[in-house]
Structures are given as structure tokens and as C-alpha cells.
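The values are calculated or read from the model by the stated rules, or taken from the named source; none is laboratory data. Keep in mind that what you see is a predicted model, and the values were worked out from it rather than measured. Cβ: placed from backbone, ideal geometry, glycine included. Neighbour counts: every protein chain shown. Only protein heavy atoms, including side chains, enter the accessible area calculation; ligands, DNA and RNA are left aside. Shrake-Rupley method; radii C 1.70, N 1.55, O 1.52, S 1.80 Å.
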Amino acid sequence: MSDARSYLAKGWLPIPLVAATKPPRPTVRWKQLVELRAPFTEAFMQPWVMDPNLDTALLLEPSQLLVIDCDSPEAVKEAMSLTSEPCRNIALTNKGAHFYYRKPEACPTGRRIQCGYSQKIDVLSAGIIVAPPSRHPNGYHYKWLCQGELQEAPAWAVQYLAEVRQRSIESAGVTPEQ
């Protein structure tokens, strides 16, 4: 629970997950999650009080987070090579790492999965991300490698989300007003 409380103190919105599930299963309904826009209060800590074994996820969009999820050591190296400044918020995962950034205001909200040369990078600014110290079903505990001041997301990651948005607009046959 202390981790959920520390996320809350940062302005990140934690939600409880059923422990060690794949895919992650929130203990609240998705519709309730989508409707959450107000800042969380201490009442939101109640699920962890009732069951300290619950895992934790973060709601990306209301937390204004962009996470680069690298699902292999090669993807981690690729993401690091594309980014000019080392990330100050890195969580180690079962297969690689999550790089946490502040989502720029002009950045589209969305998800782009299996991108980059490795096809093992996901760029996420919507939905949820499993956060430390949650457990993977294989028993691995997500853990922070480093935590510091949140940096703005790198331009290449924002561009990946912009490309997804543009393709979505084009496939819908919608022409934005000039």
C-alpha cells in the first residue's frame, strides 16, 4: 500500500490489480476507471488496506504519463539509443524495462505496440501500466532501478503516437479542418 500512496503523492493515479495476473486484471470495472478524472483521495487506498497482496497499476492518461515499455534487452538498448538524455525513472520488468516520462501537452493519447526495429517496444499514454512492486505470474517482482524528477517524453516516442493518430484519422476518411 505504501507504494500506491507514494504514486498518489506524485500525482500518479494507482489502481489495485488482482495479484500476478496476465493480462493484468483491475479490481474495479473498466468503465469506472475511464470515468476517474478527479484526484484520488485516501479512500482509494482502501483496497490495499483490505488486501495488501494486491498488485498496482497506474492509469496513464489521467496521470499524464507516457511509458516506453521494452520487452527485451535488445528493445531496452534500442530505446536508450534513440533517447538523448538518460531516463531518470526506470522500472525493471520480467523481460526488460519501463521508462516513465511526463506526457507533453501536445502529445496524442494512445498506444503504439510492437514498434521499433526490435518490434519489442510499446509506447503508451493511455490505459494502464503494471507498476513496482507488482508481481508477474512467474513470480518476478517489478522493481525501480531509479526514480527521480519526471522528464518530458522523448520526441521519437511522441512521434510514434502521432503516427498512430494520423493513420487512424486517415483510415476513418476524416479530413481535419484547415
Worksheet item: Counting only residues 5 or more places away or on other chains, whose amide H sits under 5 Å from the amide H of Arg25 once H atoms are built in the peptide plane?
Response: Val18
Worksheet item: Which entries in the list Lys77/Lys143; Lys22/Lys95; Lys10/Lys103; Lys22/Lys143; Lys120/Lys143 go over 23 Å, if you measure between the two C-alpha atoms of each?
Response: none
Worksheet item: In what sequence, largest accessible area first, do Thr56, Thr27 appear using a 1.4 Å probe?
Response: Thr27, Thr56
Worksheet item: When only DSSP loop residues count, what GluC sites (Glu not before Pro) in the stretch 47-124 have their Cβ near at most 11 other Cβ atoms within 10 Å?
Response: Glu105
